[in-house]
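Down below is the structure, laid out as structure tokens.
The values are calculated or read from the model by the stated rules, or taken from the named source; none is laboratory data. Nothing here was measured: the structure is a model prediction, and the numbers come from that model. Neighbour counts are summed over all protein chains in view; Cβ atoms, including those assigned to glycine, are modelled from backbone coordinates with ideal geometry. For accessibility, only protein heavy atoms count, side chains too; no ligands or nucleic acids. Shrake-Rupley method; radii C 1.70, N 1.55, O 1.52, S 1.80 Å.
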Amino acid sequence: MNNASLPAIDRYLARRRVFEIGFWISFCILNTVANSIVAIIELRRGDPSYPMWQPIVWETSSSLMLVILLPAVVLLTRWLPLQWRNWHQRLPIYFVASLAFSLVHVVGMVWLRQGAYAWMGDSY
């Protein structure tokens, strides 16, 4: 039986990880491009000489940290799935995990931005 004769869900499940990774990478790239464009437009409205690379660095560092942290989110949700019968027990864990995620995301973004700014001969 060739792959084309399988139902769509079976074809998807056979390559689920590829589709999921592709989705998150595509989402982050599109989000980075869109947010960078919006930030550049807003900054140029106030100061036409504002360096274009800075908003690109801001958005790229955020997306890169999201991609880096995404496997940890997947692991948590597989290890401790949030379901209707256990939400009251798991919600505090998810809350603490979201605080940790936010802290690592911000620290990682600042670290990446400091490196990018130093590479450009500037300081963040």
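Observations, loosely collected:
- Solvent-accessible heavy-atom area per residue, rounded to whole Å², over the range 1-90 at 1.4 Å: 75
- Only helical runs count toward this figure. For the chain, summing -39,500 (n - 2.57) over DSSP H runs of n ≥ 4 and dividing by all residues gives -28000 deg cm²/dmol at 222 nm.
- Alpha-carbon centroids, the range 64-111 and the range 5-28: separation in whole Å: 23
- Over all other residues within a Cβ to Cβ distance under 14 Å of ILE41, the charged ones net out to -1, with Lys and Arg as +1 and Asp and Glu as -1.
- Ordered by solvent-accessible area of protein heavy atoms (1.4 Å probe), largest first, the residues ARG11, ARG16 come out as ARG16, ARG11.
- Cα-derived Rg over Rh, computed across the chain with Rh taken as Kirkwood radius: 1.12
- The modelled label-to-label distance for the pair PHE95/PHE19, using points 7 Å beyond Cα in the direction of Cβ, is 3.6 nm.
- Largest-first ordering by accessible area, 1.4 Å probe, given options ARG17, ARG113, ARG45: ARG45, ARG17, ARG113
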